[in-house]
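The values are calculated or read from the model by the stated rules, or taken from the named source; none is laboratory data. No experiment lies behind these values; they were computed from the predicted model shown. Neighbour counts run over all protein chains shown; Cβ positions are idealised from the backbone, glycine included.
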Amino acid sequence: MTIRKDVPKDILDAAEMADFLRATDTENARQFVQAMVEQTLEHEAAYHPRKRKRRQNDQQSFEKAVAAYAGDLMHHNANQAADGFMYRPCDREVLSETLVSGRHYEQLNQFWSEMNLIELTGYFQARTEMERPTDDVYLSRARRMRAKRTLLDMAAEFELYPDTIREHFPKQSGLIRPVTVRDEFHLQNGRRKPSRNIKIRGAEYDRQVDLMRELNQAYAHHAFNLADQPSLYRLFNRGNFADFSFDKGGRLYCASDDNWQSMDSETRKEIEIDGKPTVELDVRASHLAILYGLHGKSLDTQADPYDIDGIEREVVKLVFTAWTGSGKPPAKWPKKEAEKYAQRHGRKLSDIYKLKDVVAALRNRHPVLDKIKWGALDWSKLQFVESEFFLSAMLELSRCFEVPALPVHDSLIVRERDADLVEDILGQSYQRRLGFRPIIKAA
């Protein structure tokens, strides 16, 4: 199995995760998959012979895995920023909720690489102790893969191309759990292990599932100019914490094929609902407003909360995000954000500002930041409260007014004609809990 080690970092970073949830929906797609299955089984028989033939159910699962994997390879080939690469962590438990099991994932990676159908990059796991064996992983990068010309040419024989693959291999969004819970583990050195899905069931889980299904069913009564009917799932974090009660994280994420949340703001402006133009209503400084409100204070809505003399606004926001993300004032510039700043401006953050001075200025402007505490009041709490406001507003809009809304974490995409109503309902959602309304305006 050939492994590529020369792929530039920016291409690796631009790769998106394969869902492994695609299934054939046209005769062309079915014939292509059948050809892929036959070639793969011929290769297996020649180079990796099995001791016994697959049972019928196992064979059907294998064929579904081939379809899901091949469909994603074709779909992600259109991602020019990633040069066609995609990735998928090899977590067997998580893969068991897709159409590609962990075993099939390993087999297809090996077989298709040997068949010159795909190319793979390496993966790594950095460990906490280099002097002795350990299972403690603090940094990892999932393997990337992409279709090679051999596979693309084979698909073209069946008139299948990356830019139209959704028509032939639609994502089976119904297989995505409406509610997902992930864990969070930290090591002694402060590093965080890669999170994993965990199973938590019960009355509250069922209630959350019902809410997601209600919103998704409501979307079905409206028309969107997206490639796929919108659907959502809710992601909770820190499910392994002793005090977890479906109150950490909780953001709403796109589960459908055409992800409006990952579009740039200009592309989102082109979204139409029921053939009507839309507007994206953004809650200004949502997390900061929530932080104030949780402590019985009101954020000054007349002034820009990130406007501090002598410091660029984006730098102030960057430090605020790092503060809430780590649950304490940042001691060093966030690496990725510092790199992005340098790329945009051609200079290093550290050459312009002293981090401790920016932290001091932000604390002076917003003393309530000292209330932030890891695990008790940090990003997970702020995200949860924010998601509750948005969920409450979306349910009221749907139930009482039949108004659909597409969430983008701290904003809602709605029809222009509904903008005033949505602004009022969303504002009420904040006011009921915080005692004041944040600024809500078109993004």
Within region 292-324, restricting to residues that are of a type in the set (Gly, Ala, Ser) and either exposed (fewer than 15 other Cβ atoms within 10 Å of the Cβ) or out of contact with any Pro (no Cβ under 8 Å at 6 or more places or on another chain) (or both), the one that is modelled with the lowest pLDDT is 303
Note: among 378, 357, just one is under 26 Å from residue 282 (Cα atoms) and either surrounded by 20 or more Cβ atoms within 10 Å (Cβ to Cβ) or out of contact with any Lys or Arg (no Cβ under 7 Å at 6 or more places or on another chain) (or both), namely 378
The helices (runs of 4 or more DSSP H) lying entirely within region 1-99 that contain at least 3 residues which are outside the structural domain of residue 156 (by TED's automatic domain parsing) and either out of contact with any Pro (no Cβ under 9 Å at 6 or more places or on another chain) or surrounded by 13 or more Cβ atoms within 10 Å (Cβ to Cβ) (or both) are none
So, first residue without any contact (Cβ under 8 Å) to a residue 60 or more places away in the chain and over 13 Å from residue 112 (Cβ atoms) in region 60-71, second residue hydroxyl-bearing (Ser, Thr, Tyr) and surrounded by fewer than 21 Cβ atoms within 10 Å (Cβ to Cβ), Cβ within less than 8 Å, six or more apart or across chains; the pairs are 61/101
Note on region 396-443: residues within 22 Å of the chain's Cα centre (by Cα), at pLDDT 95 or above and of a type in the set (A, V, I, L, M, F, W, C) are 405, 406, 408, 412, 413, 414
Counted residues in region 334-369 being outside any helix (DSSP H, G or I) and either of a type in the set (Ser, Thr, Tyr) or within 30 Å of residue 13 (Cα to Cα) (or both) come to 6
